[in-house]
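Remarks on the structure that follows.
Derivation of every value follows stated rules applied to the coordinates shown; laboratory data play no part. As the structure is a prediction and not an experimental result, all values here were calculated from the model. Using ideal geometry, Cβ is built from the backbone for each residue, glycine included, and neighbour counts are taken over all protein chains shown.
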Amino acid sequence: MPLLINRVVADDSWLLVDEDNLSAHIDEDIVVPYELFSAHTDSLINAAGKLGVRINGDQDLNLILQHLDKVSLVAIEFPAFTDGRGFSFARILRRSGFSGQIRAEGDVTRDRLEYMERCGFDAFAIPADRYSDDIVSAFGEVPVHYQGSADDERPIFRQN
Amino acid sequence: MYQYNEQDQNLINARVEQYRDQTRRFLAGEIPDEEFRGLRLMNGLYIQRQAPMLRIAVPYGLMNSVQVRKLADITRKYDKNYAHFTTRTNVQLNWPKLEEVPDILAELAEVQMHAIQTSGNCLRNTTTDHFAGVIADEIEDPRPWCEMIRQWTTLHPEFAYLPRKFKIAVTGGPEDRAASQVHDIGLHMVKNAAGEIGFEVLVGGGLGRTPVIGKVIREFLPKQDLLTYLEAILRVYNLNGRRDNKYKARIKILVNALGIDEFRNRVDAEWDVIRNTELALTDDYIAKIKGYFAPHPYASDAVDGISVLENQLEDNAEFRAWYERNTREHKIAGYRAVVISLKPHLKPPGDITDVQLDAVADLADTFNFGEIRSTHDQNLVFAHVAAGDLYTLWQSLRDLNLARANIGTLTDMIVCPGFDFCSLANAHTLGVAEQINEKFDDLDYLYGIGDIKLNMSGCINACAHHHVAHIGILGVDKGGEDYYQITLGGSSREDASLGKIIGKAVPQAEVADTIEKILQVYVANRSEDERFIETVRRIGLEPFKERVYAAVN
């Protein structure tokens, strides 16, 4: 599954763990599902490695917001491209000061990338069958923004 | 009206090219059907029963003559020489080709028009009062605020995949001609005790399967907070609205589930965070946008036309009837607002031909500062016609079959396209509209009935707002036959209410006869000057039920 980070194809340096192999990797750079984060919050935020959390729209972003300085990556799942909750999650994370990676996962395809980036996503895990080398041309297709966004909070009337 | 600057133009040009590429990739098999569906809907393109349908945005119902001429041209070049105005004051083409839509959009962009967010689960076109800016008791012209909302909603990156569609209406004063109480958000310009102008905010109104009147979430919102507050509502909705069932996904369901107080608490908590961010409106921006809606250069001698007009009204009963039904007071002496009826005899309500569009554009240049408005009840408005020009304008409109003196009467119906065009519809509507028109063609009879609102939808989605009509008609399918359920007592005005069903649905052939019976009950029961809706509210449904469902002996 190709991974774009800051519009460039990149290797994934993170390891996704589950309940069974968590203890073996707890001091590495890992991404844990929200349920694990919720169940083992204290041990995870005190572990030696960097911590990523995978969350979807049904889960409570506040738990991550409470520990934002201990989290280095948030992976937001899009179970379907029509599920727009992840856009608000990213926006809230960035405005709360989160500077780590926000990765879009799941049904992540070309025609959502521009809006996702504007909301604060900087990494995109794109299903292989929907990936093509020209996919990065999706960014910046519409160069004028009436609204502020994660990288420039100024709406049109405060630009210039 | 608002004029695009370079940035606005660049945005819609870029959007055309983006959509052109999306269409190309879809036709090349690179985008799955379901995904392209989302993309094309967000750009106003439906796949209908017989052909695609393209819905073109008319932001808050305001157009200039250049735009209307372009619409005429597009209907000739890409469609079947007519267009259809909708209850969102937008305009629809019924026969475009999917492959040609990018070219249509490119032509629209030349005249600052587009189809952005005219469908799909996103922020839709904002609507307002079609008499905005010309009403004497208006607190403030709502259109600059609509324009600020237009800019904020257009290609909003966070709210393009909402649980369901989202509609906002704005009114400038106590009268409501925008059905604001049955919108996801209704904004009313109000003045507070300190004399400051701001907005009363309603949330959670809507029609469709679950009609609801909106609830007040904030009694007074300062002007500069407009967009931060809207954004707070949208964020709470985007995060919490139901996504498991599209029939329960509108914000009205969320507001009802949480209760208005809890919903308000959540919005306020979010608003606290964003109220004083860059999204707070600046005085400069407000002033700049208001500048685009400055009054037209009204002629100071327009009042001189009034005496001429009075003679013309005296001499010509047909002209007088049109003047009385189809024109309204203007706050500038010597001017009137004219409603151009798109409800001619035996033609689909809201339809207009290319020839009529061109002629309307020319007349607007001659008599109305080049401005044309579309209304939520599917008519057009020339808002600023000098008294001395009314007779000439009327003659021209009459020759175009655009001067039927029926505004506000029974035949000024809102009707959706129904089964003839729409793939959602359960029943036909256009044939029933014809039946009603044939039955009630006598203008003197209609004037005797007076102000009445009849709306007809071809399915439960209620595009024609039947719940909030004095007489609402809903087409239903019963074993392959079209039947029509009738509601009485609805209103979309400042006294908004939902109509109640009078009984079992009637067969298609009996709709007009049933309406006649209802009107007979009204005529027999009304006290002097009482409008239909007032009689219904006073005497209740029983007398109507008795008459309509009386056993045949």
Provide the descending list of Cα extents for segment B:176-259 along its principal axes, expressed in whole angstroms. 44, 27, 19
Taking chain A as the reference, fit the longest principal axis to its C-alpha atoms, fit the long axis of helix A:110-119 to the helix C-alpha atoms, and give the angle between the two in degrees, 0 to 90, nearest 10. 80
Relative contact order of segment A:1-111, pairs being alpha-carbon contacts under 8 Å that are 6 or more residues apart, as %: 19
Would you please name the trypsin sites (Lys or Arg not before Pro) within segment B:450-553 that are DSSP coil residues with at most 14 other C-beta atoms within 10 Å of their C-beta? B:LYS504
Per residue of B:241-254, what is the mean number of Cβ atoms on other protein chains within 10 angstrom of that residue's Cβ? 1
Residues in segment B:138-153 that a label on A:ARG95 would reach, taking backbone N under 19 Å of a point 7 Å out along Cα→Cβ: B:149-153
Modelled FRET efficiency - R0 51 Å, A:ASP18 with B:THR210, Cβ distances, 0.05 increments: 0.80
Efficiency of FRET between B:GLU6 and B:ASP268 - r from beta-carbon atoms, R0 41 angstrom, step 0.05: 0.60
If you build the convex hull over the alpha carbons only and average its shadow over all orientations, what do you get for segment A:108-150? Give it in nm² to one decimal. 3.0
Spatially proximal aspartates and glutamates relative to B:LYS504 (Cα-Cα < 12 Å; intrachain offsets below 8 disregarded): none
How many angstrom lie between the Cα centre of segment A:97-152 and the Cα centre of segment B:112-136? 29
Of B:420-427, A:7-14, ordering from highest average Cβ density within 10 Å down gives B:420-427, A:7-14
Using 7 Å Cα-to-Cβ label points, what is the A:MET1/B:PHE220 separation (nm, one decimal)? 5.3
Please give the net charge around A:LYS70, taking every other residue with its beta carbon less than 11 angstrom from that of A:LYS70, where Lys and Arg add +1 and Asp and Glu add -1. -1
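How many percent of Cα pairs in the protein assembly as shown exceed 44 Å?
Distances greater than 44 Å cover 27 percent of the Cα pairs.
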Give the average, rounded to an integer, of partner chain Cβ atoms located within 10 angstrom of each Cβ in A:146-156. 6
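Gain in length, B:HIS345 to B:ASN276, computed as 0.36 nm per residue apart minus the alpha-carbon separation, to one decimal in nm?
19.4 nm
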Calculate the spin-label point distance for B:ARG398 paired with B:ALA287, positioning each point 7 Å from the Cα along the beta-carbon direction, and give it in nanometres. 4.9
The cysteines in chain B that find no other cysteine Cβ closer than 4.7 Å to their own Cβ are B:CYS122, B:CYS146, B:CYS422, B:CYS459
Among B:THR429, A:ILE26, A:MET1 the positive-end extreme of the charge dipole of the protein assembly as shown (Cβ point charges): B:THR429
Under 1.5 on a/c is rounded, so check that first for segment B:209-363, then, if it is not, pick prolate when a/b is larger than b/c and oblate when it is not; a ≥ b ≥ c are the square roots of the alpha carbon gyration tensor eigenvalues. prolate
How big is segment B:342-494 by the Kirkwood estimate over distinct Cα pairs, in Å? 16.5
Just tell me which lysines come within less than 21 Å, Cα to Cα, of B:LYS77; anything on the same chain fewer than 8 places away is out. B:LYS97
For A:105-115, mean number of other protein chain Cβ atoms within 10 Å: 3
Have a look at the DSSP beta bridges in the protein assembly as shown and tell me what percent are antiparallel, nearest 5. 65
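Which pairs, out of B:LYS165/B:LYS347; B:LYS191/B:LYS215; B:LYS453/B:LYS500; B:LYS165/B:LYS290; B:LYS191/B:LYS223, put more than 22 Å between their alpha-carbon atoms? Numbers along the way, then the final one.
Numbers: B:LYS165/B:LYS347 30 Å; B:LYS191/B:LYS215 19 Å; B:LYS453/B:LYS500 15 Å; B:LYS165/B:LYS290 28 Å; B:LYS191/B:LYS223 11 Å.
Too far apart for the 22 Å limit: B:LYS165/B:LYS347; B:LYS165/B:LYS290.
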Shape of chain B from its Cα gyration tensor (a ≥ b ≥ c, root eigenvalues): rounded if a/c is under 1.5, otherwise prolate when a/b > b/c, or oblate? rounded
Can you give the translational diffusion coefficient of segment B:77-136 in µm²/s, computed by Stokes-Einstein from the Kirkwood radius over Cα pairs at 4 °C and 1.567 mPa s? 96
0 to 90° range, to nearest 10: angle between helix A:85-95 axis and chain A longest Cα axis: 90
